[in-house]
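To keep things clear, I will list the structure first and then write my remarks on it.
The values are calculated or read from the model by the stated rules, or taken from the named source; none is laboratory data. Here the structure is a predicted model, which means the values were calculated and not measured. When we count neighbours, we look across all protein chains shown, and the Cβ atoms used for this are built from the backbone with ideal geometry, even at glycine. All accessible areas refer to the heavy atoms of the entire protein, side chains included, with ligands and DNA or RNA removed. Shrake-Rupley method; radii C 1.70, N 1.55, O 1.52, S 1.80 Å.
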Amino acid sequence: TTFLSLVSLIALIVGALGVAMAMHSHLQQRLDSIAIMKCMGATSSAVMRIYALQTLGLGIAGGTLGILFGAAVQAMFPILIARYFPVAPEFRFYWPSVIQGLATGVLTTILFTLPPLLSIRDIRPVLILRREMAEARKRWKRSLPSIAAAVLILLGLGGIAAWLTEGSGQDAARLGVFFAGGLAVSLLSLYGVAWLLLWSLRKIQKRNSGRMPVGLRQGIANLYRPGNQAEAVLVALGVGVMFTLTIYLVQKQMLDQLTASAPPGMANVFLIDIRAHQKDDLLQLLKAQKGIQGDPDLLAAVAARITRVSGTPVAELGLKGFERRFLQTRTVTWYEKQPDATEVLQGLWPAHEDDICVGEDAAKGLKLSPGAELEWTSNGRDFRT
């Protein structure tokens, strides 16, 4: 869960870089308006508030669209897989997650638009009217507020990463520091590569100016003109490639670990949703196949949902994070005898038909102990264990 949350945060950072570049271009197109407002007595802080409100509106609009799209996926996906899995589609609009997602998107957008907004403070009306953007841009890069904004962005992203982390406060703080530090090193490295690439192109263009086609020469020169966004675009592209490569490497590492840690003789083919009248035909089909080692292990399963724990509705237990999965319909299984790989930590193996055992994670999440009562619903039937 934490990994998927941080992957989403990286994707959000790529989008926020785009918003920052869009805001920078927007400010360049509004230089005359800013100059007139300053000449009329508007302070830099007032102008910054105007464009900060525009940024806030963009962040809220984008976050709202994301929420609506996510809700549509959540509503439609169970319907698409209903023909393959006997689980009734159930739509839940979980407000804490909605608020967390919207707040994360808006906060990230505001953080990344701080540098272009702060540039308003150091641009005088005379410089804007004369279009001496090279000097203004150079002064802004050297200014202390831009450095403070970069530090604030890293601290903010580290705080968001810690907020999205499942686990104790110490684990969240450590992961937030790692995320912010790794992101800072990555951005600095990507910025250095982007600067080196543009510097090399500029040198090549100057040395071969007479031998290069006009279109190519002007295109390269446009990459380092005053006010360009070439470096930021390259950094954003690098973050996107890093994001995709990270997912691939983690996926490959997880598969390698699963393969290396699998016990000897573990099944590598699983057949699901086998009906009772299909069982005998399936067994005959498997026996006719070559290369199968050992008899198939049949495991019965039924879809059921917990409604109450010792008389308390599950919705009132205050489940958070990954524990919220117990609010949904789950797969319940049963065995004729205790499996060899199962260890009883508390209580005894069930001996009565109304007795059940639960996994360690479920016991911790639902705060269960031997003797607790669970009420269920399955296919329109309610029962108690």
key: Whichever lysines have a C-alpha closer than 26 Å to that of residue 320, once near sequence neighbours (fewer than 8 apart) are set aside   = 364, 367
task = Would you mind calculating the relative contact order of the chain from Cα pairs under 8 angstrom and at least 6 residues apart, reporting the percent as a whole number?
result = 15
inquiry  = Which of rounded, prolate or oblate describes segment 218-337 when judged by the alpha-carbon gyration tensor and an a/c cut-off of 1.5?
reply    = oblate
Ratio Rg/Rh, restricted to segment 1-116 and using Cα atoms, in which Rh is the Kirkwood radius = 1.16
ask   = The list (1) 33, 28, 17; (2) 36, 21, 20; (3) 57, 27, 19 gives values of semi-axes √(5λ) of the Cα gyration tensor in Å, and only one came from this structure; which label was calculated from it?
value = (3)
ask   = Counting Lys and Arg as +1 and Asp and Glu as -1, what is the net charge of the other residues whose Cβ lies under 15 Å from the Cβ of residue 288?
value = -1
note = Per the 1/(1 + (r/R0)^6) rule, R0 = 22 Å and r from the Cβ atoms of residue 79 and residue 275, FRET efficiency to 0.05 is 0.55
query = In nm, to one decimal, how far is the residue 282 label point from the residue 342 one, both placed 7 Å along Cα→Cβ?
reply = 1.9
note = In a Gaussian network model of the chain with springs linking alpha carbons closer than 10 Å, the residue among 64, 113, 43 that fluctuates most is 43
task = For the chain, set up a Gaussian network in which alpha carbons nearer than 10 Å are linked by springs, and say which option among 285, 327, 190 fluctuates the most.
result = 285
remark   = Taking every other residue with Cβ under 13 Å from the Cβ of residue 219 and scoring Lys and Arg +1, Asp and Glu -1, one gets +3
task = Just tell me, in residue order, which DSSP H segments of the chain are both 15 angstrom or longer along the helix axis (alpha-carbon based) and at least 0.0 in mean Kyte-Doolittle hydropathy.
result = 2-29, 44-81, 95-112, 144-163, 169-207, 230-261
query = Where is the GNM fluctuation largest for the chain (alpha-carbon springs, 10 angstrom cutoff): 320, 337, 367?
reply = 337
inquiry  = Please compute the modelled spin-label separation between residue 298 and residue 163, points set 7 Å along Cα→Cβ, answer in nm with one decimal.
reply    = 5.2
ask   = When the helix-only estimate is applied to the chain (DSSP H runs of n ≥ 4, each -39,500 (n - 2.57), divided by the residue count), what is the mean residue ellipticity at 222 nm, nearest 500 deg cm²/dmol?
value = -20000 deg cm²/dmol
query = For segment 197-289, what are the per-bin percents of Cα-Cα distances with bins 10 Å wide, up to the bin holding the maximum?
reply = 12, 20, 15, 14, 11, 10, 12, 6, 0
query = Hey, rough spin-label estimate for residue 268 and residue 33, points 7 angstrom out along Cα→Cβ, what's it come to in nanometres?
reply = 6.3
query = Carbon-plus-sulfur fraction of the accessible area of segment 167-220, 1.4 Å probe, in percent?
reply = 66
